[in-house]
Every structure is written in structure tokens, then in C-alpha cells.
Amino acid sequence: MMEDKIFIKNLVVPCRVGVPEMERSRRQHVIVDLYVFRDLRGAGIADDLGKTVSYSEVRQKIFDFVSTGEFRLLESIAEGIASLLLESSAVTKVKVRVSKKKYAKSPNIGIEITRTQHG
């Protein structure tokens, strides 16, 4: 079983999130951590960007999606990120963790999901 992965940790993104409308009325920061699973052997052997996933493109897609959206739940943010990244046939699985920055101190509170290309 292939377990190669690209990761992004501690990506801080401003967005509108929260169940009460008052909480969504102003931007707050969420922290996104993710793993993008795919076979990286070819990229490593050939030293070829075309055989991997561009970290900067993934980061920008996530930033654009989260910062321009309005969400009630962190789960919605995570599902949207997972769906966005699984659109690429090169990505076989993603693990996405989202938390509010204001909860980054102990105890850290957030959610984590894992989604695969076909299910």
C-alpha cells in the first residue's frame, strides 16, 4: 500500500465561519493541515514537477476556497477542501484537519476527515 504524501501544516486562512450569524459577521482565522496522498516515486526519480502535485497550487486553491467562502461548520470547510483536491486524478486520498485559531492553545479543538478518490 502506497503511503507517499505531501503535507501542508499550519496554513492560517481568514474566513467567515460559525453557527451564529454574529460569529460569521467578522472574519476569523482557521488553521488548515492536510496530507495529499499520491505516488511520489516517479517525481523523486525523474526530479520532475509534472509527476507530483504543486505545493504552491494546492496552497493557493485552499486559500482561495476558504477565504472567499462563508461556512457554518469546520466540517464544511474540510469537505470542500477534500472535494477540491480530489478533483485531480493524481490525488488518491486526502486527510484534512481544520481548527479555529482561537482554539489553537490547549485544548486544541477541531475536526479531521479522510477522503479517497472513489468513496
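The values are calculated or read from the model by the stated rules, or taken from the named source; none is laboratory data. None of these values were measured; they are calculated from a predicted model. Note that each Cβ is placed from the backbone with ideal geometry, even for glycine, and that neighbours are counted across all protein chains shown.
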For this session: May I ask you to list the residues in the stretch 98-119 that are touching a residue at least 40 places away in the same chain (Cβ under 8 Å) and either part of a helix (DSSP H, G or I) or loosely packed, with under 12 Cβ neighbours inside 10 Å (or both)?
Result: Lys101, Lys102
For this session: Mind listing just one residue for me: the one in the stretch 44-79 that is among the charged types (D, E, K, R), more than 16 Å from Lys9 (Cβ to Cβ) and touching a strand residue (DSSP E or B) at 6+ places or on another chain (Cβ under 8 Å) and, of those, surrounded by the most Cβ atoms within 10 Å (Cβ to Cβ)?
Result: Glu79
Exercise. Before we move on, is Ala78 modelled with pLDDT under 90 and in contact with a Lys or Arg (Cβ under 9 Å, 6 or more places away or on another chain)?
Worked result: no
For this session: Being over 16 Å from Gly80 (Cα atoms) and aliphatic (A, V, I, L, M) is the filter here, so list the residues in the stretch 11-53 that pass it.
Result: Val12, Val19, Met22, Leu40, Ala43, Ile45, Ala46, Leu49, Val53
For this session: Can you give me the number of residues within the stretch 84-95 that are surrounded by 13 or more Cβ atoms within 10 Å (Cβ to Cβ) and either closer than 15 Å to Val32 by Cα or free of Cβ contacts under 8 Å to residues at least 40 places away in the same chain (or both)?
Result: 6
